[in-house]
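The values are calculated or read from the model by the stated rules, or taken from the named source; none is laboratory data. Quick caveat: nothing in here was measured; it's all calculated off a predicted structure. Note that each Cβ is placed from the backbone with ideal geometry, even for glycine, and that neighbours are counted across all protein chains shown. In case anyone asks, the SASA skips ligands and DNA or RNA and just uses the protein heavy atoms, side chains included. Shrake-Rupley method; radii C 1.70, N 1.55, O 1.52, S 1.80 Å.
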Amino acid sequence: MTLYLIQEQYLRDWLAEIIATGRRVIAPQSENGLVVYREVTRAETIDLHARAKPDFSFKHILFPQTETVFRYEWRERRPVVEDAAAETSADAENASASVQGEVVVVGATPCDAASLLVLDHVFLADPPDPFYARRRENLIVIGRSCSHAQPECFCTTVGLSPVSTQGCDIFLMPLGADLCDELDIGSGFVAEVLSEKGEALVANVKATWVKPNGSDHSTWLNELKAAHLRAVQAEMLPRRALTPSPDELKKDFEHPAWEEIARACLSCGVCAFVCPTCHCYDLSEERQGRIWSRCRNWDSCAFGYFTLHASGHNPRPTALERYRQRVMHKFCYFLEATGANMCVGCGRCVKFCPVGLDIYQARARWP
Amino acid sequence: MAMKNPYVPSILTVDEIRDETPDVRTLRLRLPSNGSRLSWRAGQFAQFTVFGVGECPFTFANSPTRAEYVECTFKLMGKVTGALRELAVGDAVGLRGPYGNFFPLESWRGRNLIFVGGGIGMAALRAPLQFVLDHRKDYGEILILNGARTVADLVYKEEMNEWSAFDGVKLIRTVDPGGETPEWDGEVGLVPHVFEKIAPTPSDSIVITCGPPIMIHFMLLTLEKCGYPKERVVTTLENKMKCGFGKCGRCNVGSVYVCKDGPVFTAAQLERLPKEF
Ligand SMILES: Cc1cc2nc3c(=O)[nH]c(=O)nc-3n(C[C@H](O)[C@H](O)[C@H](O)COP(=O)(O)OP(=O)(O)OC[C@H]3O[C@@H](n4cnc5c(N)ncnc54)[C@H](O)[C@@H]3O)c2cc1C
Ligand code: SF4
Ligand code: SF4
Ligand code: FES
């Protein structure tokens, strides 16, 4: 890890330079009353001091809501198949010669950056998904600390925090006014460069990145983070840490509380669609004119047909089994397989659920 | 650096069509002529595409010892299986796979094997049966218990006769009460009931059972009652699947993905899973 200090103006110049090199830059932007990660063409429009986290994560950059996995058309009564991944890979090959294939996400929240570890676990496992793998290879994540928590946020209960850097190539934290005065830099950031990709971006794109004086920055950085965390945590609802307990959850699989927990669920699937870590998908046939395609679309275990057999038998027939699956998959099965929760505590599923189901509350009933 | 796209199927060709029952059909598919080969293990499955319609999973119905072609036996259920029935000899079928785990046939050498299949579930037992018969001397006594709703619904009728002609192979067929015809000389009764009646001794045998969820449920209870150790009772699950390789999330049951960690499970393994299959 390398540590830098950078003035806000220089940081902006650097971002402008990145855009000028032809890399795609994605940052939180307002769109129809929501804040979403979208491509930006002017560095000035990037809000480096955003108060709130974006309404949705940037999952769609790596795993679009709908995508063609292959196409075919009929020639003399035989299907002729065209591999859609070959295009992605040809693009990427041209791209590696220049830098056009690189996508830089600026201002990723710690929860959104951490969700990449979950998605990587799924999509890069054997056999790797070529669509995801390509985009992931070309993705650079510049995270930022959260300056304010929202009521639904509970990242600190799942092992993350407003200053955690998991999944980031570079992590930015604004320097307090007093520090900026001391350093005489108006307003500025401390930047942790955490990966080779991050190092390359700092080295290759010209701008003024300053290494702080002195040798022991870790104490100083930790203090800065601790102070930042205290300030944000003061705004968060008091909640207890969710200690890993797959066995407790499993033991209570048949607990009557599930009935009460899931009673209101409408099986609408909104929770999965706004979740940065949900990754279930459907494969279906679509047609445009003479061209057919096999499409992959986001799906959700909340839907009744998700597990419905063709015979009519359904292993998860009601909202109870399906909501329980959501909680168990995130806090038990995935945890067992990987050692991490499949939930980054962003609280979006809580905020957007039409009937106010709260996954933290559901999980927190158990030790 | 092209990464393989696991969603793209190979294109096979329908070579032969055989009707097993009024709604069950077996297709024999020819491998692509570009010399590509396919190897699989008995118990594995593949995703079959009817182009212009969609995809669905079927088990390999033929043994890897007969890998010059691929066979699948399917029951008419809905969209894809309906379209599959429309295909004629010479038509294209997409296939990607093999996926999933398989029957540990190597480790069953020397054992007595009891195959219990109900309805279309028999399709999953055909590959291991063919394998065992192709290595007849490696295995002990073989008992096949095959059930269906009615006499007309019994699959692989001719093959069953060939199989039962092997030394040390015993075949028992049964139909549900009311499903018999005047000429019927087999058993009448539900599969678990007939099993209990003939009650083969558990010593040294492996039971491989496949059929509708309700039959499996009662078979497992019966086997427990008859004293079969759960480690020696093997079945296959048929959860809804899309990708086939552990990503799309469809087939997740507890800590396993049926497509990747299954579809073959022992009764002991099933006992540790939530009952969501
Ligand atoms: C590992 C594995 C191996 C298998 N092997 C075999 C085999 O060897 N032979 C065999 O015959 N079968 C086998 N099956 C089952 C087979 O895959 C299904 O029967 C087949 O997918 C049915 O497809 P379909 O399109 O014809 O049916 P459809 O009913 O059209 O299926 C499409 C899907 O739509 C959904 N659907 C159905 N009805 C409704 C409704 N009213 N409302 C909403 N949604 C609905 C269901 O989820 C259904 O699965 C296997 C399954 C698995 C998982
Ligand atoms: S928990 Fe809420 S958002 Fe999720 S499916 Fe149920 S009603 Fe919809
Ligand atoms: S489950 Fe809810 S809180 Fe957890 S990551 Fe998904 S949307 Fe965020
Ligand atoms: S079928 Fe996709 S995960 Fe099993």
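For segment B:1-118, which strands (runs of 3 or more DSSP E) that fit wholly inside it have 3 or more residues that are away from every other protein chain (no Cβ under 14 Å) and surrounded by fewer than 21 Cβ atoms within 10 Å (Cβ to Cβ)?
Working: elements: B:10-21, B:24-30, B:45-50, B:54-59, B:69-75, B:92-99, B:112-118.
Fully inside segment B:1-118 and qualifying: B:10-21, B:24-30.
Being of a type in the set (S, T, Y) and either in contact with a Leu (Cβ under 8 Å, 6 or more places away or on another chain) or open to solvent by less than 20 Å² (accessible area, probe 1.4 Å) (or both) is the filter here; which residues of segment A:165-197 pass it? Outline the logic, then answer.
Start the filter on segment A:165-197 by keeping residues that are of a type in the set (S, T, Y), which leaves A:165, A:187, A:195.
A:T165, A:S187, listed by residue number.
So, of the residues in segment B:257-275 that are outside any helix (DSSP H, G or I) and within 20 Å of the chain's Cα centre (by Cα), which turns out to be nearest to ligand 1 (Cβ to nearest atom)? Let's see the steps before the verdict.
So the first thing to find is which residues in segment B:257-275 are outside any helix (DSSP H, G or I), and the list is B:257, B:262-266, B:272-275.
From the residues that got through so far, the ones that are within 20 Å of the chain's Cα centre (by Cα) too are B:257, B:262-266.
Numbers: B:Y257: 11, B:G262: 8, B:P263: 4, B:V264: 10, B:F265: 12, B:T266: 17 Å.
Restricting to residues being outside any helix (DSSP H, G or I) and within 20 Å of the chain's Cα centre (by Cα), the top hit is B:P263.
Does B:G179 fit the bill of being part of a loop (DSSP other than H, G, I, E, B) and either touching a strand residue (DSSP E or B) at 6+ places or on another chain (Cβ under 8 Å) or surrounded by 14 or more Cβ atoms within 10 Å (Cβ to Cβ) (or both)? If you could, list the steps in order and put the result at the bottom.
Numbers: part of a loop (DSSP other than H, G, I, E, B): yes; either touching a strand residue (DSSP E or B) at 6+ places or on another chain (Cβ under 8 Å) or surrounded by 14 or more Cβ atoms within 10 Å (Cβ to Cβ) (or both): yes.
Against the criterion (part of a loop (DSSP other than H, G, I, E, B) and either touching a strand residue (DSSP E or B) at 6+ places or on another chain (Cβ under 8 Å) or surrounded by 14 or more Cβ atoms within 10 Å (Cβ to Cβ) (or both)), B:G179 qualifies.
Looking at this structure, is A:T208 under 30 Å from A:E102 (Cβ atoms), open to solvent by 20 Å² or more (accessible area, probe 1.4 Å) and among the β-branched types (V, I, T)?
Working: under 30 Å from A:E102 (Cβ atoms): yes; open to solvent by 20 Å² or more (accessible area, probe 1.4 Å): yes; among the β-branched types (V, I, T): yes.
For A:T208, the condition - under 30 Å from A:E102 (Cβ atoms), open to solvent by 20 Å² or more (accessible area, probe 1.4 Å) and among the β-branched types (V, I, T) - is met.
Testing A:C346 on (1) assigned to a loop (DSSP other than H, G, I, E, B); (2) closer than 30 Å to A:V80 by Cβ, one condition comes back false. Which one is that?
Failing condition for A:C346: (2).
What residue, of B:N34, B:N101, is in contact (Cβ under 8 Å) with a residue 60 or more places away in the chain, among the polar types (S, T, N, Q) and either more than 12 Å from ligand 1 (Cβ to nearest atom) or in contact with a strand residue (DSSP E or B) (Cβ under 7 Å, 6 or more places away or on another chain) (or both)?
Among B:N34, B:N101, only B:N101 is in contact (Cβ under 8 Å) with a residue 60 or more places away in the chain, among the polar types (S, T, N, Q) and either more than 12 Å from ligand 1 (Cβ to nearest atom) or in contact with a strand residue (DSSP E or B) (Cβ under 7 Å, 6 or more places away or on another chain) (or both).
Mind counting the residues in segment A:306-321 that are farther than 16 Å from B:P57 by Cβ and within 15 Å of ligand 4 (Cβ to nearest atom)?
First pass over segment A:306-321, keeping only residues farther than 16 Å from B:P57 by Cβ: A:312, A:314, A:316-321.
Still in the list and also within 15 Å of ligand 4 (Cβ to nearest atom): A:316.
Looking only at that region, the number is 1.
Can you pull out every residue in segment A:62-85 that is acidic (D, E) and more than 16 Å from B:V93 (Cα to Cα)?
Here is the first cut: in segment A:62-85, the ones acidic (D, E) are A:67, A:73, A:76, A:82-83.
Hits for segment A:62-85 are A:E67, A:D83.
Just for segment A:123-140: of the residues that are within 16 Å of ligand 4 (Cβ to nearest atom) and open to solvent by 10 Å² or more (accessible area, probe 1.4 Å), which one is farthest from A:L160 (Cα to Cα)?
For segment A:123-140, the residue satisfying everything is A:P127.
Which condition does B:E158 not pass, out of (1) of a type in the set (D, E, K, R); (2) part of a helix (DSSP H, G or I); (3) within 16 Å of ligand 1 (Cβ to nearest atom), if it passes all the others?
(3)
Which residue pairs have Cβ atoms under 9 Å apart, sit 6 or more places apart or on different chains, and have a first residue in segment A:249-273 that is of a type in the set (D, E, K, R) and a second that is near ligand 2 (Cβ under 8 Å from one of its atoms)?
Here the result reads A:R263/A:A319, each pair linking segment A:249-273 to a residue that is near ligand 2 (Cβ under 8 Å from one of its atoms).
Look at A:V344 and say whether it is away from ligand 2 (no atom under 16 Å from the Cβ), more than 7 Å from chain B (Cβ to nearest Cβ) and out of contact with any strand residue (DSSP E or B) (no Cβ under 6 Å at 6 or more places or on another chain).
Details: away from ligand 2 (no atom under 16 Å from the Cβ): yes; more than 7 Å from chain B (Cβ to nearest Cβ): yes; out of contact with any strand residue (DSSP E or B) (no Cβ under 6 Å at 6 or more places or on another chain): yes.
Yes.
Which one of these does A:R365 not meet: (1) under 25 Å from B:F277 (Cα atoms); (2) more than 12 Å from ligand 2 (Cβ to nearest atom); (3) among the charged types (D, E, K, R)?
Going through the list (1) under 25 Å from B:F277 (Cα atoms); (2) more than 12 Å from ligand 2 (Cβ to nearest atom); (3) among the charged types (D, E, K, R), A:R365 breaks only (1).
Conditions tested, residue by residue: (1) under 30 Å from A:P244 (Cα atoms); (2) within 16 Å of ligand 3 (Cβ to nearest atom); (3) more than 7 Å from chain B (Cβ to nearest Cβ); (4) not hydrophobic (A, V, I, L, M, F, W, C).
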{"site": "A:S293", "(1), (2), (3), (4)": "no, no, yes, yes"}
{"site": "A:Y305", "(1), (2), (3), (4)": "no, no, yes, yes"}
{"site": "A:R322", "(1), (2), (3), (4)": "yes, yes, yes, yes"}
{"site": "A:Y333", "(1), (2), (3), (4)": "yes, yes, no, yes"}
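Report yes if some residue within segment B:253-260 is of a type in the set (K, R), within 16 Å of ligand 4 (Cβ to nearest atom) and open to solvent by less than 40 Å² (accessible area, probe 1.4 Å); otherwise report no. Talk me through it step by step, then tell me what you get.
At the first step, the residues of segment B:253-260 found to be of a type in the set (K, R) are B:260.
Now drop any that are not within 16 Å of ligand 4 (Cβ to nearest atom), which leaves B:260.
Checking the rest, the ones that are also open to solvent by less than 40 Å² (accessible area, probe 1.4 Å) come to none.
Checked segment B:253-260: no residue is of a type in the set (K, R), within 16 Å of ligand 4 (Cβ to nearest atom) and open to solvent by less than 40 Å² (accessible area, probe 1.4 Å).
Restricting to segment B:230-243, what's the tally of residues that are under 14 Å from B:G43 (Cα atoms) and within 14 Å of chain A (Cβ to nearest Cβ)? Please lay out each step first, then the result.
Just the residues of segment B:230-243 that are under 14 Å from B:G43 (Cα atoms), to begin with: B:234-238.
Add one more test, that the residue is within 14 Å of chain A (Cβ to nearest Cβ), and what stays is B:236-238.
So the count comes out to 3.
Looking at this structure, is A:N341 within 16 Å of ligand 1 (Cβ to nearest atom) and within 22 Å of B:S255 (Cβ to Cβ)? Before the answer, list the steps.
Numbers: within 16 Å of ligand 1 (Cβ to nearest atom): no; within 22 Å of B:S255 (Cβ to Cβ): yes.
Spelling it out, it is not the case that A:N341 is within 16 Å of ligand 1 (Cβ to nearest atom) and within 22 Å of B:S255 (Cβ to Cβ).
Which residues, counting only those in segment A:61-82, are open to solvent by 50 Å² or more (accessible area, probe 1.4 Å) and either at the interface with chain B (Cβ under 7 Å from one of its Cβ atoms) or touching a strand residue (DSSP E or B) at 6+ places or on another chain (Cβ under 7 Å) (or both)? Walk me through it before giving the result.
First, pick out the residues of segment A:61-82 that are open to solvent by 50 Å² or more (accessible area, probe 1.4 Å): A:65-66, A:71, A:74-78, A:80, A:82.
Within segment A:61-82, A:Q65, A:T66, A:R71, A:R78, A:V80, A:E82 qualify.
Looking only at segment A:4-15, count how many residues are surrounded by fewer than 17 Cβ atoms within 10 Å (Cβ to Cβ) and in contact with an Asp or Glu (Cβ under 9 Å, 6 or more places away or on another chain).
1
State whether one or more residues within segment B:214-223 are within 16 Å of ligand 4 (Cβ to nearest atom) and of a type outside the set (S, T, Y).
Here is the first cut: in segment B:214-223, the residues within 16 Å of ligand 4 (Cβ to nearest atom) are none.
The answer is no; no qualifying residue exists.
Checking A:F253 against (1) within 12 Å of chain B (Cβ to nearest Cβ); (2) touching a strand residue (DSSP E or B) at 6+ places or on another chain (Cβ under 7 Å), which single condition isn't satisfied?
With respect to (1) within 12 Å of chain B (Cβ to nearest Cβ); (2) touching a strand residue (DSSP E or B) at 6+ places or on another chain (Cβ under 7 Å), A:F253 is out only on (2).
Here is a yes/no grid of residues against (1) assigned to a helix (DSSP H, G or I); (2) surrounded by fewer than 21 Cβ atoms within 10 Å (Cβ to Cβ); (3) in contact with a His (Cβ under 9 Å, 6 or more places away or on another chain):
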{"site": "B:H193", "(1), (2), (3)": "yes, yes, no"}
{"site": "B:E196", "(1), (2), (3)": "yes, yes, no"}
{"site": "B:S203", "(1), (2), (3)": "no, yes, no"}
{"site": "B:I206", "(1), (2), (3)": "no, no, no"}
{"site": "B:I216", "(1), (2), (3)": "yes, no, no"}
{"site": "B:L220", "(1), (2), (3)": "yes, yes, no"}
{"site": "B:E224", "(1), (2), (3)": "yes, yes, no"}
{"site": "B:T235", "(1), (2), (3)": "no, no, no"}
{"site": "B:M241", "(1), (2), (3)": "no, no, no"}
